[in-house]
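Just below is one structure, and these are the notes that go with it.
What follows draws every value from the coordinates through simple rules; no lab data is involved. This is a predicted model, so every value here is computed, not measured. Positions of Cβ are generated from backbone atoms using ideal geometry, with glycine treated the same way; all protein chains shown enter the neighbour counts.
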Amino acid sequence: MITLPANRLLCIALLLMVVPVAVSGAPVTRTLSTAEPGAGEAFTVSLSIEDVALGGVVETLPAGYAFAETDHPADRILVRGQKIAFAVMNDTRIAYSVRAPASGSGDITGRWEDFIGEVDGAIPASHVAVDGIETAAESGGASPVAQEAASPFAVLAAIAGILIAAGRGGRR
Amino acid sequence: MNRRCLPALVLLLLVAVQAAAAEGIPGDADGDRVLTRAEYVAAALAYMIGDNDLARADIQDAAQVYAFWDGRPREITDSTGKTVTLYRPLRRVVIFAGESLETLRSLGFDMEKVVAVDKYSHAKNTFFPECREMGNVGSIWSPDMERVLILRPDTVFLYATISTAACDDIQNRLEASSPGIRVLRFDCFKPATYPDEIRTIASIIGKEERGEEFAAFYESTMDRIRDGAAGIPDDERTRVYFEYWFDYTTVAASAGYNEKTEIAGGTNPFATGTAEYPVVDPEAILVANPEVVIKLAGQGLAVGGYAGHDIAALDAIRSDMLGRPGWSGISAVKDGRVYVIHSDILGGAQHFIGTAYLAKWFYPDRFADLDPHAIHQRYLTDFQGIDFDLASEGTFVYP
């Protein structure tokens, strides 16, 4: 049985291992021409890619936001619902435009894979809100920065919480 | 269902799945054995969007076939002369031949794709530290076939020209039970075939450039030795008594150690004979009066080599030889030319390092600029990629 100090050490070790990955080192990053587009306005999403010879990127747009166009070759893109898949072949940049709805906010999320390097990861989420107005159901009130690291930290926090709780329970 | 049948059924299913997975290039939609750009891109997009026709390993294999094999199956001929068609890169590899394992590492193969090795490689904790985490499938003489099949390899490496009966048996059993498993056979210890084997294996794993670099390094050493020894008249060649691990057991013409002795410019008075490792009459050694004596160390990985920095052990081996009856009259003893060399650097993939030592011992003047120690260190650092400092670790030659 793991003791409470061991639990804490494990949590610290997990945090130390994952924090750098969560904040840096991803070969694919996303920037937006604006995070607060006007109603019905198109804005540009740019993906910067480093050292992916053959791989892929899939982006998921918030509800109501629609893919408009891209400069990526037409035969290397597939759009299905809110998902846009790009085949990466030594590309260093992919840009696409998105048309905003009349209102609404949410996150653009993404995932990348390097098929040759056999590595993959998440692209930190980018928050968008029409005219900067949050819609409570989708935004949840979290800031974009917090949301970028939300996924791994949420998992870690959950693990840490469970372990600490288990450790305390054991002491009782 | 009979419970005793269940493990066998599971095993058969696993094998069947593996066999099926090995057929054809993933993503080759029209099945014409060519993965075109359009087919690859369509497969990649479908995978990314979530159409799960292909698993992650499938699309990774497709990408590698497209990138490194020009989208076509790769046909290779192994050292038995058999042509094998590869539709996918190596992903789950079992290796019974330690020299092939070492060569794969020289070529930069992802060792995480090696799922099991022979028991000898498994035991070499210093040289193959990563093997501790891999499965152990025994030896070619006593293979753990059940473990091999449970590990679901896509490729198995065996020897080509030694222990052929044992290797044939393993190959036959694999082909009978799991035709999807590719069996590749290489030696990787013979000077005559090693350069070609380096290039072939490099081609298999898509590391042709690295293969050329390593082959050039290997050939530069062996060519330097051959060139240096060329032109020495037969009657001026250094007379060498090469003693195998066991006392008074030497090597005949058919033994690999004899080949390396001759490449280094030596001549073996006991080369004639049918046995590979004949036992010689002690008197015959005195009569032959060798100019150089080479004693092989390293039996059972017990002494020296990569296992430990144990100069005293090699010194003891040498001292025992010097004290043999009548040896004080042998030229090699009188001239201080009795050397101990560890089989780690003469018997396997590293034979070029040991051969360089032989050449330098046989002809110090001709090979004054040859630096076997530096060659060895470069091999370990640049090609094997292990942190091993010859200045303070291991014992390979004495004195």
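Estimated at 0.36 nm per residue, the fully extended path between B:SER142 and B:ASN52 surpasses their Cα-Cα distance by 28.3 nm. A full extension of the chain between B:ASP365 and B:ALA123 corresponds to an added length of 83.2 nm, given 0.36 nm per residue minus the alpha carbon distance. The value of relative contact order for segment B:173-293, using C-alpha pairs under 8 Å at least six residues apart, is 21 percent. Spin-label model, B:GLU23 to B:ALA165: label points 7 Å out along the Cα-to-beta-carbon direction sit 3.6 nm apart. Annotation for segment B:307-341 versus segment A:66-112: alpha-carbon center distance of 74 Å. A Förster radius of 30 Å, combined with the Cβ-Cβ distance separating A:ASP71 from A:SER103, puts the computed FRET efficiency at roughly 0.60. Taking each of B:LYS124/B:LYS207; B:LYS119/B:LYS207; B:LYS113/B:LYS260; B:LYS82/B:LYS113; B:LYS334/B:LYS360 in turn, the alpha-carbon distance tops 21 angstrom for B:LYS124/B:LYS207; B:LYS119/B:LYS207; B:LYS113/B:LYS260; B:LYS82/B:LYS113. Once both labels are positioned 7 Å from their Cα atoms along Cα-to-Cβ, the gap between B:GLU236 and A:ASN90 label points is 5.5 nm. Backbone N atoms of segment B:61-79 closer than 14 Å to the 7 Å Cα→Cβ label point of B:GLU209 belong to residues B:68.
Using the Cβ-Cβ distance between B:TYR277 and B:THR193 with R0 = 35 Å, the FRET efficiency computed as 1/(1 + (r/R0)^6) comes to roughly 0.95. Considering only alpha-carbon pairs that sit under 8 angstrom and 6 or more positions apart, the relative contact order computed for chain B is 13 percent.
When only alpha carbons of segment B:25-72 are considered, Rg and Dmax amount to 9.4, 26 Å. Among beta bridges identified by DSSP and lying wholly in chain B, the antiparallel ones come to about 30 percent. Taking amide H atoms as placed 1.01 Å from N in the peptide plane, the amide H of A:ALA68 lies under 5 Å from those of A:SER97, A:VAL98, A:ARG99, each 5 or more residues away in sequence or on another chain. On the beta carbon distance between B:ASP315 and A:ALA39, with R0 = 60 Å, the FRET formula returns roughly 0.10.
Extending 7 Å from the Cα toward the beta-carbon at both B:SER392 and B:GLU219 defines two label points whose distance is 3.8 nm. Among the chymotrypsin sites (Phe, Trp or Tyr not before Pro) in segment B:291-353, none is located in a DSSP loop while being surrounded by at most 15 other Cβ atoms within 10 Å of its own Cβ. Counting only trypsin sites (Lys or Arg not before Pro) that sit in a DSSP loop (anything but H, G, I, E, B) with at most 12 other Cβ atoms within 10 Å, what is the longest stretch of chain B containing none of them? So the longest stretch without any such site is B:5-399. Treating the angle as unsigned and between 0 and 90°, give the value, to the nearest 10°, between the Cα long axis of helix B:164-177 and the longest Cα principal axis of chain B. Taking Cα atoms only, the helix is inclined about 10 degrees. Per-residue extension of 0.36 nm, minus the Cα-Cα distance of B:ARG173 and B:LYS334, leaves a gain of 52.4 nm for this segment.
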